[in-house]
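Just so you know, all these numbers are worked out from the coordinates, no wet-lab data involved. Keep in mind it's a predicted model, so treat the numbers as computed, not measured. Every residue, glycine among them, receives a Cβ derived from its backbone with ideal geometry; neighbour counts consider all protein chains shown.
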Amino acid sequence: MLKIPRPIYDSLRLHGEETYPHECCGVLLGHFEGDGSKTITSISRAGNTRDDSPHNRYNIDPKELIRIQREGRARGEDIVGFYHSHPDHPAEWSSTDLAEAHWIGCSYVITSVEKGKAALTNSFELTGTDEDNKKFVDETAAVV
Ligand SMILES: [Zn+2]
């Protein structure tokens, strides 16, 4: 389970509306709890480096990701996941999303943005032990 405070939930959905018709992306920071759930305590918006196809691809600059990770650690936060939007496409992961997901144990949150308005927001946990057997599993996203 992924626990998302209401203001953060609203903020990541708004991000998708702001960048429409392009994809938005960002990083989820927080804590891995002892019971296997994750709690988000902040998010960091990231620039989408995919200028070639920003409407259906997203990528976070590795240097930006390292900076976000370092700043999170300074606040006692870990990277617990990532979010991005699907402009005029369902809130389901694509084969590209799976191929480009590498953080096993982390959550991947996808918001569908239909005609500029945020619709469904779904979360998927990347499970497995390595690149060969990784897969996405539906995960409950609880707005708390
Ligand atoms: Zn996607």
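Charges only on Cβ, +1 for Lys and Arg, -1 for Asp and Glu: so what's the dipole of the stretch 53-125 about the Cα centre, in debye to the nearest 20?
Values: 8 positive and 11 negative charges, 55 e Å.
Computed charge dipole of the stretch 53-125: roughly 260 debye.
Give me the percent of DSSP beta bridges within the chain that run antiparallel, rounded to the nearest 5.
Values: 26 of 38 bridges.
In the chain, DSSP labels about 70 percent of beta bridges as antiparallel.
Once every DSSP H run of n ≥ 4 in the chain is given -39500 (n - 2.57) and the sum is divided by its residues, what mean residue ellipticity at 222 nm do you get, rounded to the nearest 500 deg cm²/dmol?
Mean residue ellipticity at 222 nm (helix-derived): -6500 deg cm²/dmol.
Taking loop as defined by DSSP and a crowding limit of 11 other beta carbons within 10 Å, which trypsin sites (Lys or Arg not before Pro) in the stretch 19-126 fit? Please report the intermediate quantities before stating the final value.
On the way: sites: Lys38, Arg45, Arg50, Arg57, Lys63, Arg67, Arg70, Arg73, Arg75, Lys115, Lys117; in loops: Arg50, Arg57, Arg75, Lys115.
Counting only loop positions with at most 11 other Cβ atoms within 10 Å, the trypsin sites (Lys or Arg not before Pro) in the stretch 19-126 are Arg75, Lys115.
Do any GluC sites (Glu not before Pro) in the stretch 1-65 lie in a DSSP loop with no more than 14 other beta carbon atoms within 10 Å, and if so, which?
Glu33
In Å³ and rounded to a whole number, note down the convex hull volume per residue for the Cα atoms of the stretch 1-118. Intermediate values should be presented prior to the final figure.
Details: hull volume 11.6 nm³, N = 118.
In the stretch 1-118, the Cα hull volume divided by residue count equals 99 Å³.
Nearest 20 debye, what's the magnitude of the dipole of the chain about its Cα centre given +1 on Lys and Arg Cβ and -1 on Asp and Glu Cβ? Working shown, then result.
Values: 16 positive and 24 negative charges, 94 e Å.
Roughly 460 debye, rounded to the nearest 20.
State, in angstrom, two size descriptors of the stretch 63-144 derived from its alpha carbons: Rg to one decimal place and Dmax to the nearest whole number.
13.8, 38
Test of the criteria: in the stretch 65-124, which chymotrypsin sites (Phe, Trp or Tyr not before Pro) are in a DSSP loop and have at most 16 other Cβ atoms within 10 angstrom of their Cβ?
Details: sites: Phe82, Tyr83, Trp93, Trp103, Tyr108, Phe124; in loops: Trp93, Trp103.
Answer in residue order: Trp103.
When you have a sec, figure out the Kirkwood radius of the stretch 102-144 from all distinct Cα pair distances and drop it here in Å to one decimal? It would help to have the intermediate numbers written out before the result.
Values: mean 1/r = 0.0867 Å⁻¹.
About 11.5 Å, per the Kirkwood formula over Cα pairs.
If one puts a single equal scatterer on every Cα of the stretch 41-107 and applies the Debye formula without solvent, what log₁₀ I(q)/I(0) results at q = 0.13, 0.15, 0.16, 0.20 Å⁻¹?
-0.41, -0.54, -0.61, -0.93
With both bridge residues required to lie in the stretch 62-144, what share of the DSSP beta bridges run antiparallel, to the nearest 5%?
Working: 12 of 19 bridges.
About 65 percent, rounded to the nearest 5.
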